[in-house]
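Quick notes on the structure that follows.
The values are calculated or read from the model by the stated rules, or taken from the named source; none is laboratory data. Remember, it's a predicted structure, so these values are computed and weren't measured experimentally. Glycine also receives a Cβ, built like all others from the backbone with ideal geometry; neighbour counts cover every protein chain displayed.
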Amino acid sequence: MAKAIAKRIEVHNAGRDAELTAVKFAAMKQDAFLFLRGSCRLFYEDLSVSSLPASPKVWCCGDLHWLNFGAYKGDNRLTYFDLTDFDETCLAPASWDLVRYLTSALVGGKILGLDRAKIKPLLSAFLDGYRSALVGGKARWLERELTEGMIGQLLTKLESRTRKKFLSSRVETVKGKRRLIVDPKKIEPLKKSRFEQLSEFMKGYAKQQEDPRFFRLLDAAQRIAGTGSLGLERYLLLVEGRGSPNENFLLDMKFQPGSAVVAARKIPQPKWKSEAERVAVTQNLAQTATQALLQAVQFDGRSFLLRELMPANDKIDLAKGQGKDLEQTIHAMGELVGWANLRTASRRGSASAEELVAFGRDAKWGNTLVVCAHECADQTEKQWREFAEKS
């Protein structure tokens with residue numbers, strides 16, 4: 001069984017950078033939550049969907065867990081807290097996203113030192129937040145000025161971050177030229193041939209923009225980030241922006257191979273021009289405000305997602321949360337998922353707002369979903385132990 005799990009995960013990660021994939025597997029062996037984050041396709045392959053309660057189709061996040069929420073700056077230059085990762089997004093029953101989140105709370109809560117008795121109210125808080133958002137029937141957002149607790153503290157902290165400080169931690173000036181600071185854990189230098197390819201790509205991309213000089217490439221590197229996506233081709237681009245040194249911009253460009261959920265379940269999906277378009281369009285619709293510079297691009301004949309990387313990008317450290325404060329945060333995450341479902345209602349095959357409201361009003365499915373989540377959590381922990389000990 002252990003060899004089977006390891007082999008399946010190896011197959012799921014075929015074609016990725018070998019060294020970074022080895023780093024990913026090493027991380028997955030550390031604890032069950034990291035294993036869950038790194039094995040999205042495995043989770044959905046083994047998910048007993050027949051046990052889940054009937055639910056309307058929505059544009060799921062696909063990899064819903066509590067670290068896929070965070071702060072970001074929108075294209076209106078205001079800072080928000082919302083869902084931030086849509087790499088695995090697809091059209092699927094709402095219960096699929098919900099059970100993955102609840103599973104992550106059970107597995108992740110244990111890593112935080114919480115027993116099942118203390119995790120139980122967190123599950124209720126998430127479901128209550130989700131249902132109340134649907135019943136409200138209107139997509140809302142977390143008001144920055146009114147948000148309290150851990151989310152409010154994060155947004156307040158981000159107000160003091162400046163582009164100058166952000167750039168100084170990642171960029172240096174060498175012989176009059178702006179260069180990315182090499183960090184083996186975060187970024188690695190590119191081969192000359194790859195850098196030249198990116199330079200040509202950015203020249204063509206810049207010509208299509210209103211301000212071509214803004215996107216003049218100063219430097220580029222391979223970016224190392226995430227858990228589930230680790231090993232995929234990903235670049236950090238330093239562009240001129242509004243001027244050197246303190247108004248340069250950083251861009252993240254990540255290869256999009258397709259949704260792990262769709263690969264696992266073979267569920268019919270609408271047609272997209274590219275996998276990056278699937279992510280960009282869905283994220284644009286689902287989020288409170290579109291993430292700055294978010295768009296699908298084609299590089300080297302393949303599909304990439306381009307977005308701005310900025311000082312406001314950050315996540316909550318749930319390990320610092322306790323009691324009602326943690327419950328409040330989890331409740332807000334439930335609301336955010338519900339509002340995202342409402343924003344994407346009636347889009348490319350998803351359920352209508354009326355269907356979602358009716359689903360929210362039905363309280364019967366909550367207990368069934370929690371039971372399924374416990375089963376998924378037990379299975380995840382068992383698979384992790386086998387993977388960590390025998391692979």
_Selected residue [more than 30 Å from residue 177 (Cβ to Cβ), surrounded by fewer than 17 Cβ atoms within 10 Å (Cβ to Cβ) and aliphatic (A, V, I, L, M)] from 319, 332, 276, 260_ = 319
*Test residue 83 against the criterion of being within 15 Å of the chain's Cα centre (by Cα) and within 23 Å of residue 253 (Cα to Cα), and give yes or no.*
yes
*Within the group 288, 329, which residue is closer than 20 Å to residue 100 by Cβ and either among the β-branched types (Val, Ile, Thr) or in contact with a Cys (Cβ under 6 Å, 6 or more places away or on another chain) (or both)?*
329
_Among the candidates 132, 168, 160, residue that is closer than 17 Å to residue 250 by Cβ and surrounded by fewer than 19 Cβ atoms within 10 Å (Cβ to Cβ)_ = 168
*Is there a residue in region 292-310 that is more than 30 Å from residue 197 (Cα to Cα) and either in contact (Cβ under 8 Å) with a residue 12 or more places away in the chain or in contact with a His (Cβ under 9 Å, 6 or more places away or on another chain) (or both)?*
no
*asked:* It is to be established whether one or more residues within region 376-387 are in contact with a Phe, Trp or Tyr (Cβ under 6 Å, 6 or more places away or on another chain) and over 23 Å from residue 158 (Cα atoms).
replied: yes
*Considering only region 96-118, state which residues are buried (at least 23 other Cβ atoms within 10 Å of the Cβ) and not aromatic (Phe, Trp, Tyr).*
97, 98, 99, 100, 102, 103, 104, 105, 106, 107, 108, 109
_Looking at 169, 193 in this structure, which one is at pLDDT below 95, closer than 28 Å to residue 19 by Cα and among the small types (Gly, Ala, Ser)?_
169
*Sort out for me the strands (runs of 3 or more DSSP E) sitting completely within region 1-96 that have 1 or more residues that are at pLDDT below 95.*
69-73, 79-83
*Can you run down the residue pairs with Cβ atoms below 8 Å, 6 or more apart or on separate chains, where the first is in region 189-207 and assigned by TED's automatic domain parsing to the domain that holds residue 237 and the partner is part of a helix (DSSP H, G or I)?*
190/198; 202/215; 205/215; 206/212; 206/213; 206/214; 206/215
*Within region 174-181, identify whether any single residue is surrounded by 17 or more Cβ atoms within 10 Å (Cβ to Cβ), assigned to a loop (DSSP other than H, G, I, E, B) and in contact (Cβ under 8 Å) with a residue 60 or more places away in the chain, and answer yes or no.*
no
*Only residues that are in contact with a helix residue (DSSP H, G or I) (Cβ under 9 Å, 6 or more places away or on another chain) and not in a helix (DSSP H, G or I): list them for region 349-375, please.*
350, 351, 362, 363
*So which residues in region 266-282 are out of contact with any strand residue (DSSP E or B) (no Cβ under 7 Å at 6 or more places or on another chain) and assigned to a helix (DSSP H, G or I)?*
278, 281
*Among the residues of region 241-249, is there at least one that is crowded, with 16+ Cβ neighbours inside 10 Å and more than 26 Å from the chain's Cα centre (by Cα)?*
yes
